[in-house]
Each structure stands twice: as structure tokens, then as C-alpha cells.
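Structure first, then comments.
Nothing in this text is a laboratory measurement; each read-out follows from the coordinates by a stated rule. On a predicted model such as this, the values are computed, not experimentally measured, just so you know. Virtual Cβ from ideal backbone geometry, glycine too; neighbours counted across all protein chains shown.
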Amino acid sequence: MVDVTPADAIPPAEVGEVELYHPHSWWTKYVFSQDAKVIAVQYSATATAIGLVALVLSWLMRLQLGFPGTFDFITPEAYYQFITMHGMIMVIYLLTALFLGGFGNYLIPLMVGARDMVFPYVNMLSYWVYLLAVLVLVSSFFAPGGPTGAGWTLYPPQAIMSGTPGGQDWGIILMLSSLILFIVGFTMGGLNYVVTVLQGRTRGMTLMRLPLTVWGIFTATVMALLAFPALFVACVMMLLDRVLGTSFFMPAIVEMGAQLQHNGGSPILFQHLFWFFGHPEVYIVALPAFGIVSDLISTHARKNIFGYRMMVWAILAIGALSFVVWAHHMYVSGMNPYFGFFFATTTLIIAVPTAIKVYNWVLTLWRGDIHLTLPMLFALAFIVTFVNGGLTGLFLGNVVVDVPLSDTMFVVAHFHMVMGVAPILVIFGAIYHWYPKVTGRMLDETLGKFHFWVTFVGAYLIFFPMHYLGLMGVPRRYAELTDMTIMTESARHLNSFISIMAFTVGFAQMVFLFNLIWSIRHGRGAGGNPWRATTLEWQTPQTPPAHGNFGKELPIVYRWAYDYSVPGAKEDFIPQNVPGDFAPSREPA
Amino acid sequence: MSVILVFLLVIAGFAGWWLSHQRLTAKPWLEQGLAGDFVGFDRSALPTAKIGLGVFLAVVGCLFSLFTSAYFMRMGLPDWQPLPLPRLLWLNTGVLVLSSVALQCAVVAARKGQIDNVRLGLATAGFTTLAFLVGQLMAWRQLTGDGYLLASNPANSFFYLITGMHGLHIFGGLVGLGRTSIGAWNGARPERLRLSVELCAMYWHFLLFVWLCIFALLAGWAATFIDICQRLLT
């Protein structure tokens with residue numbers, strides 16, 4: 001054991017106070033606010049709103065797949081538009097924005113003990129540029145020709161040709177512009193998240209005392225800052241191809257008997273750029289989820305996280321490895337088999353740090369004092385779902401298995417489990433966990449239990465059968481499959497069943513939204529620290545935290561974030577800002 | 001994609017070096033109190049704004065590495081016809097070097113507290129940078145006048161794209177330079193002014209470095225260099 005002298009009552013001298021911006025009017029307080037907490041709520045509300053659009057789009061898709069030919073207004077073109085916008089919104093405008101813009105903004109300053117982000121003005125700009133990106137995206141629904149139907153990967157050449165909905169209309173232009181705006185806005189926010197973790201930490205908050213939530217968001221942001229430029233480059237180049245007739249990605253093509261002006265471009269180049277962003281993006285969404293789930297499990301099992309150091313190293317390892325696996329999305333593009341071998345190997349290696357994390361979560365639960373609160377339920381559901389989705393990832397990471405399965409529903413099932421359902425379960429768990437801090441009131445427990453069970457079981461009933469459909473050979477990306485021999489009677493029934501489950505799960509989300517709004521006024525009062533948690537955001541003098549977060553003096557950190565059930569301590573948790581040594585070898589304090 | 005991977009390797013090396021100084025092997029569960037007072041393990045002594053700019057420049061570097069990667073991949077296809085670089089670009093390069101030097105002089109002056117020399121440096125940097133941008137536009141006009149249009153060959157497309165992107169970044173830098181200059185003339189606090197000038201200089205030096213790289217790339221020397229390296233390796 002390291003011998004440490006307990007340091008009591010150290011004056012908060014060396015903590016440099018920042019010049020905090022103070023709002024002067026209602027507008028600068030709630031609308032053009034520079035307070036990270038307000039910006040976090042703005043980000044979250046916008047992301048949820050656009051996420052609802054994506055939810056409705058998924059219903060429309062399921063209407064078509066479950067009951068083909070019944071709904072005349074869902075033409076094949078419309079179906080492709082739904083699929084594209086659903087994917088794009090979910091991955092970028094909902095998950096990325098909510099995890100980094102929402103949770104990042106709210107939690108980073110509070111958890112590291114800062115008064116605000118280090119560049120509050122840039123942070124505010126980040127939100128408004130994000131909102132503009134969302135508005136441009138939404139406007140494509142009303143543009144002539146509708147939104148783009150190129151698939152969320154926007155592969156050229158089809159993305160900008162007349163056969164694809166929106167390809168020769170406004171759809172693709174608005175989509176690419178919106179993405180460019182999103183990346184610009186994200187970069188502004190991302191700089192804040194990274195530099196706040198680097199420079200905004202309060203006294204005593206060493207890197208190894210950061211809660212894993214901050215580690216997850218921090219690493220994901222660094223990755224996003226390095227990965228999003230690839231999407232930016234791809235978008236700019238495709239925009240030039242579409243608007244000014246260059247040939248970065250467009251090969252020579254004859255369309256409707258007429259030779260297009262493009263010549264010699266490389267669609268594969270786009271795929272490389274896209275997936276160079278696209279694969280890290282999976283972990284940009286997953287790492288914050290990993291971090292948050294670690295904290296939820298530790299808090300609600302009243303036990304310190306197992307293998308904290310290993311968890312940090314695993315986060316860093318995953319972050320680094322995720323930049324060298326991108327081409328496993330391109331096995332079917334006809335790449336060199338040696339390349340395929342290389343990328344299959346790196347893909348499988350990334351399972352090692354990921355598995356370490358899963359083991360550590362389970363070992364944290366082992367003999368813990370598990371409280372089956374809503375955040376805990378969602379955290380447990382996440383572990384199960386993530387393992388499920390991850391295992392099919394091992395299938396698809398192998399070239400020989402991926403090639404026949406690549407264009408089937410199996411892939412749809414895989415990525416929905418691993419990067420759709422799993423992170424969204426964490427988002428729900430996190431909202432149930434931190435809502436009391438944001439509003440001062442608890443979310444309703446009964447509605448929450450209903451929401452949890454319908455969502456969790458329902459998601460399995462939606463996506464488990466899809467694995468089966470995929471193994472049968474049912475292809476993805478098809479608007480209509482009725483007449484294919486592959487669509488047996490049972491497959492068609494299964495499709496209808498999946499659709500009905502999708503509507504049910506969607507309905508449960510409405511209950512959740514109702515709960516969110518209803519509880520703001522009618523929820524049970526939460527107090528400052530309802531979960532008896534150790535991290536700094538629960539130790540603020542006011543709940544919800546006031547402007548500046550921590551009263552007159554910033555907290556000083558004396559311990560790591562996971563002092564739960566310490567033998568000899570009065571309570572079963574010791575907040576990070578409580579001095580004194582409660583190590584088992586010493587007398588109880 | 002090798003260029004971007006090399007760039008990321010550099011970033012990873014830097015991150016690894018930084019992390020290795022952060023006691024990532026500490027056992028936080030055993031260390032209560034302000035144990036040994038982790039001076040040096042808290043925040044960096046550098047000003048926060050400089051670190052922020054550093055992170056931003058890493059993103060900018062990433063962006064241009066990706067353009068370079070795309071350039072090399074597209075270059076390998078048969079329809080690539082390199083375009084002759086206008087000799088004006090040499091002059092522009094000189095002008096940009098001048099603006100970087102001027103800003104460096106401003107930094108030195110700001111450290112010594114010579115406000116007149118700071119103003120002189122900032123003004124020179126502003127004018128030379130504007131001259132660079134005008135020069136780039138003239139180079140574009142010259143090329144379009146000679147029939148090297150944006151869409152007529154991928155080499156041309158990349159030329160306009162990359163120089164345009166670089167120009168936009170320079171243009172964005174002018175906003176920061178403008179704000180610094182306003183501060184310099186309206187009597188900003190000396191330490192604040194010094195920081196602003198240093199930030200401008202940092203940005204300019206980096207964009208000069210980026211320009212030298214893409215100049216080498218567009219002129220074809222970068223490809224020759226890589227070719228030689230590859231031959232040496234095989």
C-alpha cells in the first residue's frame with residue numbers, strides 16, 4: 001500500500017479562477033447562453049426532436065417491409081429516402097450530438113470541477129451551427145425531389161445520379177451541406193470538451209481520478225476531431241462532383257444513353273474516406289456509452305469499478321485501434337485479399353480491450369449491492385445487448401463470413417444491436433440517472449419500468465429475428481421482396497411481427513417523452529444527491545447547479561470517483577471532495 | 001491512405017508522450033488526499049488558449065493530410081494530367097514567408113513590450129497575407145485563362161480544391177489577426193496582447209508549413225520524394 005498522508009483542509013489557493021461570463025438578459029441566459037449546462041439541454045432537445053423524425057421514418061420503413069404493397073404512398077423512392085435519413089439522423093445528428101454535445105457539455109465541467117467550458121463563446125456557436133445543420137437537413141424534406149435516397153453511406157456514383165432520389169435535385173446537396181455544417185459545429189464543441197478536460201480540472205483531479213464517463217467522452221471527442229475531417233473531405237469533394245462537375249469520385253458513366261461529363265473518378269476513394277470516418281464513428285458513439293455505463297454500474301451496485309486502470313487503458317486502446325480497421329466495411333468492394341486479412345486481424349484484435357471492459361463490468365457487479373434502479377436496469381440491458389451485437393461483429397469481421405452476409409438483414413441486425421440499441425439503452429439509463437441533477441426531480445418510476453421492459457424486450461424481438469432473416473438470405477436495402485422465392489411464408493410473417501414490435505417499442509418512447517415532460521413539474525423532489533454518488537456533479541451546492549456550478553470556491557478532489565462501500569467509512573460512499581483517509585488498514589475516521 | 005496514417009502516428013506519438021507523463025499506472029484507489037500534491041499532473045502551465053489552438057491545428061493538419069491522401073490515391077488513375085504550376089506561386093510563397101516573419105517579429109516585440117513594433121509587425125503581416133490571397137486568386141485566373149479549368153482534369157480539381165481550402169484557412173486567420181490588431185491599437189492589456197500575437201504567429205507558422213507541404217505536393221516533388229523512398233525500401 002502506498003503510504004499517503006491524509007491532507008485535510010488545504011486552502012483552495014492555487015486554483016486559478018476563470019473569468020466567467022455572466023448573462024444579462026433572458027435571451028443570453030436561456031437562448032444565446034454560454035453556460036455549458038444550458039447548451040447541453042439545447043443540444044439534447046434538438047437531438048431528441050430530430051431523433052423523433054428518425055423514429056417515424058423507421059415506422060414508415062417497417063410499414064412497407066411488414067405489409068408490402070398495402071401503403072401506396074411508400075414508393076420505392078420514398079423507402080430509400082426514409083432509410084437514408086433514418087440512418088444519417090440516428091448516427092450523426094442524434095447519437096453523436098447527444099453523447100458529446102449533450103452529455104459532454106453537461107457532465108464534463110461538472111465532473112472535472114470546472115465552472116464552465118474553457119471557451120464558452122465558441123461552445124455557444126457550436127450549438128447554433130449544429131442547429132443550422134439540423135435545419136438544413138430538415139429542409140431537404142421540403143425541397144423539390146425530397147431528401148436524398150442514396151443510403152446513409154452516400155456511396156457515389158449512385159448518390160449523385162438521376163436514378164437516386166434527390167441525386168440530381170436538392171436532396172444530396174442539402175445533405176452534404178448539412179454534414180459540412182455539422183462537422184464545423186462539432187469541431188468548435190469538440191475543442192471545448194478536450195481542452196476543458198486538459199485544462200479545466202480542479203485541484204487534485206488528476207487524470208487517473210477522472211470518472212470513466214469523462215474518460216469515455218474525452219477519448220471519443222479526440223477521435224471525432226481526427227475522424228470527422230475525413231467525412232468533411234469526402235463531402236466537399238462530392239459536392240464539387242455534383243455541383244461543378246469535377247470527377248473526384250465519378251467514373252465515366254453512360255446514363256439513359258447519354259455519356260455524363262464525369263470521367264475516371266474513383267468511387268473506392270470515397271469509400272476509404274467515408275469509412276475512415278465511419279468506423280471511428282462507431283466508437284465515438286460507443287466510448288461515451290462505455291464510460292457512462294461504468295459509472296452507472298459502480299454507483300448502483302455500491303461498489304468500486306473493477307480494474308479502473310485497465311478500463312482507462314482499454315478506452316485508449318480502443319480509441320487508437322479503431323483508426324486501423326475501417327476497411328472491414330469494404331470487404332465486398334473487391335479489395336486485395338491481403339488487405340482484407342490485415343483488416344480482419346485488426347478488427348478481431350479490437351475485441352480484446354472490448355472484452356476486458358465487459359469482464360470488468362461483470363466483475364464490478366459480482367457480489368455488489370445491486371440496486372435494480374432504472375439506470376441499473378438499462379446498464380445491465382446494455383451489457384447483454386452489447387455482448388450480443390459484439391459477437392455477431394466477430395462473424396462479420398471475418399472476410400469469408402462477411403462476403404455472403406454483407407448484403408443481408410444480418411448486418412442490419414448486427415449494427416442495430418451494437419451501435420443502435422446498445423448506446424441508446426445507455427442514453428436512457430443516463431437520462432434516468434442525471435435527470436434529477438438537471439431538473440431537481442426524479443423521473444416517474446412506474447412509467448420508467450414500463451418504458452424499460454417494453455424497450456428492452458421489444459428491441460430483442462425486433463432485431464433477433466433479423467439475424468435469422470439474414471441467415472436465410474433476405475437482402476437488405478430492398479423496398480419490396482414479396483415475389484422473391486427467398487421470402488417464404490414464415491419469413492413474411494416474421495417481417496410483419498418485427499414491424500408490429502417496432503411500433504410497440506416506438507410507442508414506449510412516447511411514454512418516455514411524456515415522463516420527461518411531466519416529471520419536470522410533477523416528479524418527486526430529488527435532493528442534491530439522490531443516488532448517493534461520489535462524483536463532483538452530485539456535490540454542487542444547488543440542484544439544478546447554478547451558473548458557475550460550484551458556489552464560491554471550487555471543490556478540491558481528494559480521492560478517485562469510486563469510493564463506494566469503503567470499510568470503516570460512515571456511509572457507503574465518500575464523495576471525491578471529502579478529505580481524510582478511509583483505507584482499510586487505518587482506524588476508522 | 002498512408003499520408004493520413006503517418007500523420008495520425010505522429011499525433012499518437014505525441015499523445016503517448018503526453019500520457020506517459022500523466023501517471024497512467026497510478027493506483028488511484030490507494031491514493032487519498034492530495035497525495036504528494038500532484039503538481040505537474042494537474043493542468044499544463046501553457047495558456048489554455050494555446051492548447052486550444054494546438055488541438056485545432058491538429059484537426060487542420062488532419063484535414064490537409066486527408067486531402068493529400070486523396071490526392072495520391074486519385075493520382076494513380078490513368079486520366080491524371082499534371083498541370084504546370086504558375087510561377088506566381090513562388091512569389092506568393094515568398095510573401096507568405098514574409099508575413100510569418102513579420103508576425104514572429106511582432107511576438108518578439110510584444111515580449112519586450114515595444115507596442116510600436118508590435119503594431120508594425122501586425123500591419124505588415126496583414127498586408128502581406130492579403131497580398132498572398134490576391135496572388136493566389138491571380139494564379140487561379142492565370143490557370144483558368146490558360147484553359148486549365150476546374151472540371152477538365154482531376155489534377156486541376158485538386159489544385160483548386162487544396163489551394164482554395166488553404167486560402168479559406170488563411171482568410172479565417174485574418175479575422176483573428178484583425179481582432180488582435182484592434183486590440184493593439186486600442187490599448188489592450190500587454191499580457192493579453194502578447195498572447196493574441198503569439199496565437200496569431202502560431203497559426204501563421206503552421207499554415208505556412210501546410211502551404212510548403214502542399215506546394216511540394218502540387219509541384220510533384222512530394223510524389224518524387226515518396227517514389228525515391230519506396231525504391232529505397234524495396
Next on the checklist: Quick check: net charge around A:Ser333, other residues with Cβ under 15 Å of its Cβ, Lys/Arg +1 and Asp/Glu -1?
Outcome noted: -2
Checklist entry - Of the trypsin sites (Lys or Arg not before Pro) in the range A:307-415, which ones lie in a loop per DSSP and count no more than 10 other C-beta atoms within 10 Å? => result A:Arg367
Checklist outcome for this item: Inter-part gap, Cα centre of the range A:442-471 to Cα centre of the range B:143-182, in whole angstrom, is 51
Checklist outcome for this item: Membrane-span-like helices (DSSP H runs, Cα span along own axis at least 30 Å, mean Kyte-Doolittle at least 1.0) in chain A -> A:36-66, A:171-199, A:212-244, A:374-397
Checklist entry - With a sphere of radius 9 Å drawn around the Cβ of A:His547, what net charge do the other residues whose Cβ falls strictly inside it have (Lys, Arg +1; Asp, Glu -1)? => result +1
Next on the checklist: Which one, B:Phe132, B:Phe159, B:Phe209, has the greatest fluctuation when you compute a Gaussian network model over chain B with C-alpha springs under 10 angstrom?
Outcome noted: B:Phe209
Item to check | Environment charge at A:Leu260 (Cβ cut-off 15 Å; Lys +1, Arg +1, Asp -1, Glu -1) | outcome: -2
Next on the checklist: Test of understanding: ordering A:His300, A:His328 by Cβ neighbours within 10 Å, fewest first, what list do you get?
Outcome noted: A:His328, A:His300
Checklist entry - Against the longest alpha carbon principal axis of chain B, how many degrees, from 0 to 90 and to the nearest 10, is the axis of helix B:2-20 turned? => result 10
Checklist entry - Within the set A:Lys357/A:Lys570; A:Lys437/A:Lys570; A:Lys449/A:Lys552; A:Lys303/A:Lys552; A:Lys552/B:Lys112, which residue pairs have Cα atoms separated by over 28 Å? => result A:Lys357/A:Lys570; A:Lys449/A:Lys552; A:Lys303/A:Lys552; A:Lys552/B:Lys112
Checklist outcome for this item: Scalar couplings 3J(HN,Hα) for the range A:562-577 by Karplus 6.51 cos²θ - 1.76 cosθ + 1.60 (θ = phi - 60°), nearest whole Hz, x for Gly and Pro, are 10, 7, 9, 6, 6, x, x, 7, 5, 10, 8, 8, 10, x, 4, 9
Item to check | Range in chain A, longest, excluding exposed GluC sites (Glu not before Pro) [loop by DSSP; at most 16 other beta-carbon atoms within 10 Å] | outcome: A:20-479
Checklist outcome for this item: Out of A:Phe341, B:Leu24, A:Ala49 - ranked by how far each Cα lies towards the positive end of the dipole of the protein assembly as shown, with unit charges on the beta-carbon of charged residues - the top one is B:Leu24
Checklist entry - A:Arg532 to A:Phe507: extension gain in nm, 0.36 nm per residue of separation minus the Cα-Cα distance? => result 5.8 nm
Item to check | Sorted by Cβ neighbour density within 10 Å, fewest at the top, the residues B:Trp18, A:Trp128 | outcome: B:Trp18, A:Trp128
Next on the checklist: Under 10 Å, Cα contacts only: if you run a Gaussian network model on chain B, which one of B:Trp17, B:Trp204, B:Trp185 comes out with the highest mean-square fluctuation?
Outcome noted: B:Trp17
Next on the checklist: Using only Cα atoms and rounding to the nearest 10 degrees, what angle (0 to 90) does helix B:115-145 make with the longest principal axis of chain B?
Outcome noted: 30
Item to check | Long-range HN-HN contacts of A:Glu255 with modeled amide H, under 5 Å | outcome: A:Leu260
Next on the checklist: For the range A:482-583, which trypsin sites (Lys or Arg not before Pro) pass both filters: DSSP loop (anything but H, G, I, E, B) and at most 10 other C-beta atoms within 10 Å?
Outcome noted: A:Lys552, A:Lys570
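Within 10 Å of each candidate Cβ there may be at most 16 other Cβ atoms; applying that plus a DSSP loop requirement, which chymotrypsin sites (Phe, Trp or Tyr not before Pro) in the range B:47-125 survive?
In loop regions of the range B:47-125 (DSSP not H, G, I, E or B), the sparsely surrounded chymotrypsin sites (Phe, Trp or Tyr not before Pro) are B:Trp80.
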